[in-house]
Amino acid sequence: MTTPVIDIDRLVARLDQLAEIGRIDGPNGEWGNARLALTDDDKAGRDLVVEWMRSLGLAVEIDRVGNIVGTRVGDNMALAPVMTGSHIDTVGTGGRFDGTLGVLAGLEVVEAMNSAGVTTERPVAVAVFTDEEGSRFPPDMLGSLVYAGGMPLEAALAIEAVDDGATLGDELTRIGYSGGAPCPPVAAPHAFVELHIEQGPVLEAEAIDIGVVTDVQGISWTEVTITGRSAHAGTTPMAMRRDPGYVAASITTFVRDLTRRFGPPLVGTVGRIELVPNLVNVVPARATVTVDLRHTDDDRLGEANEMFARHLDELAESENVEITTRSLASFSSVEFDSTTVDRVAASAERLGYSHRRIVSGAGHDAQMLARICPSGMIFVPSAGGLSHNIAEYTAPEHLAAGAAVLLDVVLDLASGTVAD
Ligand code: GLV
Ligand code: MN
Ligand code: MN
């Protein structure tokens, strides 16, 4: 047995190979991915990762919501596994590192252990969770949410795709990833640790190698549908209009005003506006708008949502339109297990990396796993703080540092003989 070490070239090669699936090229050499959940490209990405898992000797199981878990044997298979992993689905214009790093660094940790002949007391599992992004099937973190018992399986399988109305269950069957393993699983992992890019500007700005994630902020997604009356753009006097297009714009400016009124850390985004019939000379009949609000303080997020709801009532009255809302996601903020957080910090320190504690602005599978086992996260810097953008980039030395910390934490957790 030798000391296991991360091979960064191997990790980068896997990241590059996976990113060829659903590749998007930008005008200036930047490239990213469109691998929306349960599309043909997601299937191709899953197939590649499963092939890699098998070639590393992992026992692969697919569960009923399509989560993939590859398990490396431990000396004592009666003990619950230490789990790592993340997701490989992307937003429609996503980067090459969001999620994929956590999965492929997990495989690199396994390969480093295999090459060094390392055995661990506990099994080590690498998970690929279904539909983390929630762009196609809201909410986000869906696979890990069901895994953690936060949504009934049947409810998840019935969710309809935003783009084509197909159900999650049908799409899982279509791509061959409706597995037989129970979800939630029979037993929770011993612990879960996820490596992820920061997706924000803090680590880069402060020239810090490793973010030790303490919390994830609360998330609220609302879909608003506004129904008015389709009318002629030239002949309909302004006072006679019932105009969902105007209301959609008003919602957008209200969300920005709300963030000004609250100040940081409230963030608010209108990411999707659809007008029907979407024609130059027709007052729209209907508009659909999505609003994403996030805050570290659940009470403040609740207040923001209440103010937003009041604004919608006022608009419905003043603009003579009908407004209905549907919650697409609603997750409280999450505080990670302090022992796991300390363990991540201790590994970064031991390996000589600069590190700081940080709150995650993005949602992550680890926040769902935190419901069922001690969980934590490792962040590495994102160039320019950019993510959900094909130009998303993290330099190999940062990827290597994150993977090394992940390896250290996994070895530490998996070698312990403490009973469950
Ligand atoms: C999902 O990962 C999100 O933070 O939007
Ligand atoms: Mn992610
Ligand atoms: Mn993402």
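The values are calculated or read from the model by the stated rules, or taken from the named source; none is laboratory data. Every value quoted in this text rests on a predicted model; they were computed, and no experiment measured them. Every residue, glycine as well, gets a Cβ built from its backbone with ideal geometry; the counts of neighbours run over all protein chains shown. Side chains are part of the model used for accessible areas, which takes the heavy atoms of the whole protein and leaves out ligands, DNA and RNA. Shrake-Rupley method; radii C 1.70, N 1.55, O 1.52, S 1.80 Å.
Would you calculate, for the chain, the mean residue ellipticity at 222 nm contributed by helices, counting each DSSP H stretch of 4 or more residues as -39,500 (n - 2.57) and dividing by all residues, to the nearest 500? Display every interim value, and only then the final one.
Numbers: 12 runs with 147 residues, N = 420.
Roughly -11000 deg cm²/dmol at 222 nm, from the helical runs in the chain.
Would you mind calculating the relative contact order of segment 218-331 from Cα pairs under 8 angstrom and at least 6 residues apart, reporting the percent as a whole number?
Reported as a whole number, the value is 45 percent.
Could you give the C-alpha radius of gyration of the chain expressed as a fraction of 2.2 N^0.38 Å, taking N as the number of residues it contains? Intermediate results must be reported in sequence, preceding the final value.
Numbers: Rg = 22.5 Å, N = 420, 2.2 N^0.38 = 21.8 Å.
Working it through for the chain, the quotient is 1.03.
If R₀ is 41 angstrom, what is the calculated FRET efficiency for the pair A44 and A239, using the beta carbon separation as r and rounding to 0.05?
After rounding, the FRET efficiency stands at 0.15.
Express in Å², to the nearest 10, the accessible area of M77 obtained by rolling a 1.4 Å probe over the protein heavy atoms while all chains stay in place.
Solvent-accessible area, nearest 10 Å²: 110 Å².
Take each complete run of DSSP H in the chain, measure how far its Cα atoms stretch along the helix's own axis, and keep only those covering 15 Å or more with mean Kyte-Doolittle hydropathy at least -0.5; list them.
8-19, 100-116, 244-262, 338-350, 396-415
Any idea which of T225, M238, L258 is furthest toward the positive side of the dipole for segment 218-331, if Lys and Arg beta-carbons carry +1 and Asp and Glu beta-carbons -1?
In segment 218-331, that residue is M238.
What is the dipole size for the chain, taken about its Cα centre, with +1 at each Lys and Arg Cβ and -1 at each Asp and Glu Cβ, in debye to the nearest 20?
Details: 30 positive and 60 negative charges, 96 e Å.
Dipole size: approximately 460 debye.
Kindly report the accessible area of segment 366-420 per residue (heavy atoms of protein chains, probe 1.4 Å, no ligands, DNA or RNA), in Å². Write down the numbers at each step before the final one.
Values: 1760 Å² over 55 residues.
Roughly 32 Å² per residue, with all protein chains present.
Arrange the peptides 100-110, 272-282 so that the one whose residues have, on average, the most other Cβ atoms within 10 Å appears first.
Details: 100-110: 28.4, 272-282: 12.5.
Descending mean neighbour count gives 100-110, 272-282.
Taking the Cβ of S330 as the center, what net charge do the other residues with Cβ under 13 Å away carry, scoring Lys and Arg +1 and Asp and Glu -1?
Computed value for this residue: -2.
What residues from segment 59-76 fall in the zone where the backbone N is under 15 Å from a label point 7 Å along the Cα-to-C-beta line of T119?
72-76
Put a dot 7 Å past each Cα toward the Cβ at V5 and S354; how far apart are the dots in nm?
Rounded to a tenth, the inter-label distance reads 2.5 nm.
Could you let me know the centre-to-centre spacing of segment 273-341 and segment 1-57, using Cα atoms, in angstrom?
Computed from Cα coordinates, the inter-centre distance equals 34 Å.
Kindly sort T2, T227 by accessible area of their heavy atoms, largest first, with the probe set to 1.4 Å.
On the way: T2 90, T227 55 Å².
Reading off the accessible areas and sorting them downward yields T2, T227.
Which order do you get for E132, E319 if you rank them by accessible area with a 1.4 Å probe, largest at the top? Walk me through the numbers before you get to the answer.
Details: E132 10, E319 45 Å².
The residues order as E319, E132, largest area first.
How large a share of the accessible area of segment 218-331, in percent, is made up of carbon and sulfur atoms when the probe is 1.4 Å and the other protein chains stay in place? Walk me through the intermediate numbers first.
Numbers: 3050 of 6080 Å².
Answer for segment 218-331 is 50 percent, counting heavy atoms of protein chains only.
Express the carbon and sulfur contribution to the solvent-accessible surface of segment 66-186 as a percent, rounded to the nearest whole number, probe 1.4 angstrom. Walk me through the numbers before you get to the answer.
Values: 1770 of 3320 Å².
Carbon and sulfur: 53 percent of the exposed surface of segment 66-186.
Quick one: length gained pulling V282 to N320 fully straight, 0.36 nm per residue minus the C-alpha distance?
Once the chain is fully extended between V282 and N320, it gains 11.9 nm.
Averaged per residue, what accessible surface does segment 218-331 expose to a 1.4 Å probe, in Å²?
Numbers: 6080 Å² over 114 residues.
Using a 1.4 Å probe on heavy atoms only, each residue of segment 218-331 averages 53 Å².
So how far apart, in nm, are the two label points at T173 and S55 if each is 7 Å from Cα heading toward Cβ?
Simple spin-label model gives 3.3 nm for this pair.
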